[in-house]
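What follows is a short report on a single structure.
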Amino acid sequence: MSGFLMSHSIEKNNITTGKIYKQVIDKERHGNYLGKTVQVVPHITDAIQEWVEEVAQVPVSGSGKTPQVCIIELGGIIGDIESMAFVEAFRQFQFRVKRENFCVAHVSLVPQPKTTGEHKTKPTQSSVRELRGLGLSPDIIVCRSEEPIGQSVKEKISNFCHVAPQQIISIPDLNSVYEVPVFMENHGMAEYLSERLRLNITPLPPRRKYMKPWIELGDRMRHLKYEVMVAIVGKYTRLEDSYTSITKALHHAGNKIGYKVVIRFIEASNLELTMRSDNPASYHDAWHNLCVCDCVVVPGGFGKRGVEGKIETCKWCRINDKPFLGICLGFQAAVIEFSRNVLNLEGAHSTEVCVDTKHPVVVDMPEHNTGEMGGTMRLGKRTTIFKPTSTDSKIRRLYGNVDSIDERHRHRFEVNPDYIEQLENHGMKFVGVDVEKKRMEILELDNHPYYVAVQYHPEYLSRPMKPSPPFLGLILAAKDRLKSYFARGCKLSPREPQSDYYDSEDEINELTVKHLGFYDHEDSSSAYSSSSIS
């Protein structure tokens, strides 16, 4: 990772136990180990280290330069059996790349019981003791707590954890997670890491200069005056974390134009007609929540449950001119609804839900093996091309009137090509297609304030200072500001808070790297500088 920034999403940026074991097993099947007994140590641990070394060399910005610093997050809790192979791998890795290229930051909860109000350090002492017993000694301890911990608590942790008080950082609950980078930097993180990893950043520029985008983002979020209410009609609303990427993308868009996003989760199955008799209270409550919201998002999902509720949501948004964004299954639900109620194709459906449907407007992709579910989806970043006839498309203008975009996909089903012409003749415009012009990627309705659906997942590439265009358009339309936004050339009014300081995330990366002094160089050992967060 270049500097201390989030890298671009690539497949190997996420290491899982399953990926590592599969890689090792495949090597064994191909005879790479020459018949040796495959073991966790050294084969699994070596595979983890090699994986990290490979990813550390991958450029993350438009410059194409090799990064100087790689940041690794090791999830879970110290002592979990699931992470033991990774802990052992990093124990070995610190000797492989030398101490000056390896820094460990340990995140620990410091509880504060309301009965006494005193911060308790025993959990931190215990976790650090276990971590050191496994061969990793933390250089930095990040203490999470509701309120800031005092100097006496830091000194106590320092005495028992073999870490200097200045290397203990207290991060209390803040207004937003986006304030954390500024908070940590105010505690001298850059100075410490420059010295610890021998980055030779001298002299350090003023913090307000290289942290300006994050400082202004935090200031803007603290002063949001107006609200926009968004309904997310999903199938997994009992676990709201299932839609974290979507909620974050909505907040990114709301923050940019100065609105606090209030989200209401609505269980899709509660909107179905059968619920009116089965559970009238849930049925009417769900429809009330949908009606009072300013705009609606219908996200992706798998399986039959709740699909009819999503289709009803698409119909309601289309008829009542409610700003709507469909994603993946939401895209398919919009096609099904339009086919039934505009094309009058009775029983039109997806073969995922109804195999014997008379009008299969959504079908499984030819390369999808229905007998083998694992790893058969159309995955990853792929190019979507805007049709030449889509010059007046709202979504294309939101993307900057470009000819093509790259977004991430995760689906098994697609719109049936046999129905495309019929759908478009009745007003559903497919403005974006894949590079082979066979798969429909983006649809929108002309005579509607904002009725957009996409087959890909735009939320995955949304960033705090670069919101995803489909989500930005949704929030603007919800507040009846999309037309004025277009009239100004897709720029916000000078009186409104601005967040697009730079044209792209690459430029933000390059600027921060430049100010912090993380210049790339040819010494390959520099790519091993890492921060393993336990």
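The values are calculated or read from the model by the stated rules, or taken from the named source; none is laboratory data. Here the structure is a predicted model, which means the values were calculated and not measured. When we count neighbours, we look across all protein chains shown, and the Cβ atoms used for this are built from the backbone with ideal geometry, even at glycine. SASA here: full protein model, heavy atoms, side chains in, ligands and nucleic acids out. Shrake-Rupley method; radii C 1.70, N 1.55, O 1.52, S 1.80 Å.
So here's what we get for this one:
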quantity: Residue pairs meeting the criteria (Cβ under 8 Å; at least 6 apart or on separate chains; first more than 23 Å from I72 (Cβ to Cβ), in segment 36-48; second surrounded by fewer than 19 Cβ atoms within 10 Å (Cβ to Cβ)); calculated: V38/I25; V38/E28
quantity: Qualifying residues in segment 63-92 (those that are among the small types (G, A, S) and touching a residue at least 60 places away in the same chain (Cβ under 8 Å)) - the one nearest to S127 (Cα to Cα); calculated: A85
quantity: Flag for Y178 being open to solvent by 60 Å² or more (accessible area, probe 1.4 Å), among the aromatic types (F, W, Y) and over 22 Å from Q68 (Cβ atoms); calculated: no
quantity: Out of I72, I44, sole residue that is farther than 22 Å from A164 by Cα and part of a strand (DSSP E or B); calculated: I72
quantity: Test result for E146, in contact with a helix residue (DSSP H, G or I) (Cβ under 9 Å, 6 or more places away or on another chain), open to solvent by 60 Å² or more (accessible area, probe 1.4 Å) and modelled with pLDDT under 95; calculated: no
quantity: Residue satisfying all of: in segment 103-143; β-branched (V, I, T) and over 23 Å from N175 (Cα atoms); surrounded by the most Cβ atoms within 10 Å (Cβ to Cβ) among these; calculated: T124
quantity: Among the candidates H252, H288, residue that is surrounded by 23 or more Cβ atoms within 10 Å (Cβ to Cβ) and either farther than 26 Å from R408 by Cβ or in contact with a strand residue (DSSP E or B) (Cβ under 8 Å, 6 or more places away or on another chain) (or both); calculated: H252
quantity: Failed condition for K12, given (1) over 20 Å from the mean Cα position of the chain (by Cα); (2) outside any loop (DSSP other than H, G, I, E, B); calculated: (1)
quantity: In segment 308-336, the residues that are assigned to a helix (DSSP H, G or I), under 11 Å from Y451 (Cβ atoms) and in contact with a Cys (Cβ under 8 Å, 6 or more places away or on another chain); calculated: A334
quantity: Members of segment 205-220 found to be open to solvent by less than 50 Å² (accessible area, probe 1.4 Å) and either touching a Pro at 6+ places or on another chain (Cβ under 8 Å) or free of Cβ contacts under 8 Å to residues at least 60 places away in the same chain (or both), listed by number; calculated: M211, I215, L217, G218, R220
quantity: For C161: the one exception among (1) in contact with a helix residue (DSSP H, G or I) (Cβ under 6 Å, 6 or more places away or on another chain); (2) crowded, with 19+ Cβ neighbours inside 10 Å; (3) over 20 Å from S126 (Cβ atoms); calculated: (3)
quantity: Exclusive hit being in contact with a Leu (Cβ under 7 Å, 6 or more places away or on another chain) and among the aliphatic types (A, V, I, L, M), set I215, I232, I257; calculated: I257
quantity: Meets criteria (open to solvent by 10 Å² or more (accessible area, probe 1.4 Å) and of a type in the set (F, W, Y)) for F86; calculated: yes
quantity: A249 being in contact (Cβ under 8 Å) with a residue 60 or more places away in the chain, in contact with an Asp or Glu (Cβ under 8 Å, 6 or more places away or on another chain) and either assigned to a helix (DSSP H, G or I) or over 30 Å from D364 (Cα atoms) (or both); calculated: yes
quantity: Flag if Y460 is assigned to a loop (DSSP other than H, G, I, E, B), at pLDDT below 95 and under 30 Å from V363 (Cα atoms); calculated: no
quantity: Subset of segment 166-197 (residues that are assigned to a helix (DSSP H, G or I) and more than 23 Å from Q94 (Cα to Cα)); calculated: V177, Y178, E179, V180, P181, V182, F183, M184, E185
quantity: Residue within segment 431-439 that is of a type in the set (G, A, S), closer than 19 Å to L461 by Cα, part of a strand (DSSP E or B) and at pLDDT 90 or above present; calculated: yes
quantity: Test: residue in segment 97-104 that is in a loop (DSSP other than H, G, I, E, B), polar (S, T, N, Q), at negative phi and at pLDDT below 95; calculated: no
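Conditions tested, residue by residue: (1) modelled with pLDDT under 90; (2) crowded, with 17+ Cβ neighbours inside 10 Å; (3) in a strand (DSSP E or B).
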{"position": "N344", "(1), (2), (3)": "no, no, no"}
{"position": "V361", "(1), (2), (3)": "no, yes, yes"}
{"position": "M373", "(1), (2), (3)": "yes, no, no"}
{"position": "T376", "(1), (2), (3)": "yes, no, no"}
{"position": "L379", "(1), (2), (3)": "yes, no, yes"}
{"position": "T383", "(1), (2), (3)": "no, no, yes"}
